[in-house]
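> This structure is in structure tokens; I'll ask about it shortly.
The values are calculated or read from the model by the stated rules, or taken from the named source; none is laboratory data. For clarity, every value in this text was computed on a predicted model and none was experimentally measured. Quick reminder, even Gly has a Cβ in these numbers, built from the backbone with ideal geometry, and neighbours come from all protein chains shown.
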Amino acid sequence: MAKASELKNGNFIRFNGELLQVEEFLHRTPGNLRAFYQARMRNVKSGKLVEYRFRTDEEVTIARVETSDYQYLYDDGSSLVVMDNVTYDQHNIPKALFGPAVKFLKEGMNVIVAFESDEPIMGQVPGSAELEVTYTEPAVKGDTSSGAMKNATLETGAEIKVPLFINIGDRIKVDTSTGAYVERAKG
């Protein structure tokens, strides 16, 4: 157990039976009242934001969370099999921990996984991915209106909108958080 005054931004704590990550932690001393800590925390499982005021001497349970890089090996139904880049241990991580960005994962990519004890609690894919376009409608000659987009299917099976000049076989860079086309891949 630790005192609320020992918390810092980024800490993971057990609070009301849930695992929360502290996003913002401020010390407040309003006028002639007692000092307190104002905390904004995000629920790791649901993603919901929680605000709470801690007394300065209130007991909190800081969770021990280890984050490490893993290599994505393959899709195993409802989970992804990843390998630790140092020990070569393999783990099954539920797809839900990666959110919608999981559809841009390609075998061999590095991902970040956070574990509390031996339970995976959070997964993060790289901010962008270079993927090949496997199907898109051919551009119509003369159709060069600026900002026009068309559908494209990527090598991972994900479908996104791309500019008209993108063709089958082109490698493109995709923002994994929004699923938006960024640019043509260089080289």
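> Test GLY99 against the criterion of being in a loop (DSSP other than H, G, I, E, B), at positive phi and out of contact with any Pro (no Cβ under 8 Å at 6 or more places or on another chain), and give yes or no.
no
> Let me ask something else about it. Pairs needed: first member in the stretch 79-93, assigned by TED's automatic domain parsing to the domain that holds ASP69; second member anywhere, charged (D, E, K, R) and modelled with pLDDT under 95; C-beta distance under 8 Å; at least 6 residues apart or different chains.
SER79/LYS95; LEU80/LYS95; VAL81/ASP75; MET83/ASP89; ASN85/ASP69; GLN90/ASP84; HIS91/ASP84; ASN92/ASP76
> So, one more: Check whether at least one residue in the stretch 57-66 is under 27 Å from the mean Cα position of the chain (by Cα), under 17 Å from PRO120 (Cβ atoms) and of a type in the set (Asp, Glu), and report yes or no.
There is at least one residue in the stretch 57-66 that is under 27 Å from the mean Cα position of the chain (by Cα), under 17 Å from PRO120 (Cβ atoms) and of a type in the set (Asp, Glu).
> Residue check, ALA114 against (1) small (Gly, Ala, Ser); (2) closer than 15 Å to GLY179 by Cβ; (3) crowded, with 16+ Cβ neighbours inside 10 Å, all met but one. Which one?
ALA114 satisfies every listed condition except (2).
> Sticking with this structure for a sec: Can you pull out every residue in the stretch 96-132 that is within 19 Å of LYS186 (Cβ to Cβ) and basic (Lys, Arg)?
Residue satisfying the conditions is LYS106 alone.
> Determine which single condition VAL162 fails, assuming it passes every other condition in (1) in a strand (DSSP E or B); (2) under 16 Å from the mean Cα position of the chain (by Cα).
(2)
> Among the listed residues GLU130, GLU119, which satisfies the condition of being crowded, with 16+ Cβ neighbours inside 10 Å and acidic (Asp, Glu)?
On the way: GLU119 fails: crowded, with 16+ Cβ neighbours inside 10 Å.
Residue meeting the stated conditions: GLU130.
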